[in-house]
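Structure first, commentary second.
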Amino acid sequence: MTLTAFISSLINEGTVTVAPAIEPFDPGDIRLAGVHLKQHYDDDSTDMPGQVPSYDPEAAHWAACYLYRAVQFIQIRRLGEEDIKAHLLPFTGVRSPSAMYAADLTLRYMPGLFDLAKGLAPGDPLVKELEIMAAQWPFSMAAIPAIVPEDLSPILQHPSLKIAYIDRIIQARDLRKCRHPECLPLVQEALGSYAAILWPEFEIDLTVHI
C-alpha cells in the first residue's frame, strides 16, 4: 500500500494495510500524500474549538511516515533494533503548536497501534521507541494512560489545542494527566457544575490519588 492510500484508508475507514517490506516512498506518492494531509487538515480544523494553529507540512509528513513504518514493524517481526533506529526517526523540527496539530492528523491513531503492541515484551525495542515518541507528542496520546507527557507547553500555550487536550484527557478519564498542575484547574473549569454528571468519580478519585 502506498503512503497516500495508507493515509486515505486510515482517515476514511480507520483501517490500514502496509507493504510487506520497507522500501523508500515514491516521490510522486509523497507529493500526493501531502495533498491528502493538507485536505484533512482543512476538514479537521472545522471540528476544532476556535482557530487552529497554522499548517506544518513537515510535521504532518513526518507523522504519517512514522505511523506507516511503525505499523510495518508491528507486522514484520523479523526486523530488528537497527532497522527501527534507521526508519523510525524522530522529528527534527520544533514541536510547536503547529507541529503538534499537524502531526496529530495521523498520530491520533497511535493509541490503536499501542494496543497492537501489547503482545510484545515490555523490553522490546519497538515498544521502547514508541513510548519515547509518544511522550514527545502528548496531544495525540491522551488516551494512553501509561504515557507521561514530556512537555505540555506547545499545547497549553495555544487556546484551541488547550481546550481540545483537556477534553481528551477528560474523555480518557486519565487522573494522572488531569492532576497535572497546569491541567487540573482547566479540567475543573471544563467539568464545572456538570462534574457529577460527566465524571461522577472525579472528585472522589482525585482525593484518593493526590
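Hey, can you tell me all the residues within the range 70-109 that are surrounded by 18 or more Cβ atoms within 10 Å (Cβ to Cβ) and either of a type in the set (Lys, Arg) or closer than 16 Å to Leu3 by Cα (or both)?
Ala70, Val71, Gln72, Phe73, Leu88, Arg95, Ala103, Leu105, Thr106, Leu107, Arg108
Can you name the number of the only condition in (1) touching a residue at least 12 places away in the same chain (Cβ under 8 Å); (2) within 18 Å of the chain's Cα centre (by Cα); (3) under 20 Å from Met110 (Cα atoms) that Thr4 fails?
Of the numbered conditions (1) touching a residue at least 12 places away in the same chain (Cβ under 8 Å); (2) within 18 Å of the chain's Cα centre (by Cα); (3) under 20 Å from Met110 (Cα atoms), the odd one out for Thr4 is (2).
Which of the helices (runs of 4 or more DSSP H) contained wholly in the range 65-130 include at least 1 residues that are within 17 Å of the chain's Cα centre (by Cα) and modelled with pLDDT under 95?
Per the criteria, 110-116.
What number of residues within the range 190-210 satisfy the criterion of being open to solvent by 40 Å² or more (accessible area, probe 1.4 Å), under 23 Å from Val148 (Cβ atoms) and either small (Gly, Ala, Ser) or at pLDDT 80 or above (or both)?
Residues in the range 190-210 being open to solvent by 40 Å² or more (accessible area, probe 1.4 Å), under 23 Å from Val148 (Cβ atoms) and either small (Gly, Ala, Ser) or at pLDDT 80 or above (or both): 1 in total.
Of (1) in a loop (DSSP other than H, G, I, E, B); (2) modelled with pLDDT of 95 or more, Leu32 satisfies all except one. Which?
For Leu32, the exception is condition (1).
For the range 25-36, does any single residue satisfy the condition of being open to solvent by 50 Å² or more (accessible area, probe 1.4 Å) and either touching a Cys at 6+ places or on another chain (Cβ under 8 Å) or touching a residue at least 40 places away in the same chain (Cβ under 8 Å) (or both)?
No, the conditions are met nowhere in the range 25-36.
Kindly indicate whether any position in the range 51-58 is among the aliphatic types (A, V, I, L, M), more than 14 Å from Leu37 (Cα to Cα) and buried (at least 21 other Cβ atoms within 10 Å of the Cβ).
Yes; the residues of the range 51-58 include at least one that is among the aliphatic types (A, V, I, L, M), more than 14 Å from Leu37 (Cα to Cα) and buried (at least 21 other Cβ atoms within 10 Å of the Cβ).
The values are calculated or read from the model by the stated rules, or taken from the named source; none is laboratory data. Remember, it's a predicted structure, so these values are computed and weren't measured experimentally. Here the Cβ is made from the backbone with ideal geometry for all residues, glycine too, and neighbour counts use every protein chain on show. What goes into the accessible areas is simple: the full protein's heavy atoms, side chains included, and nothing from ligands, DNA or RNA. Shrake-Rupley method; radii C 1.70, N 1.55, O 1.52, S 1.80 Å.
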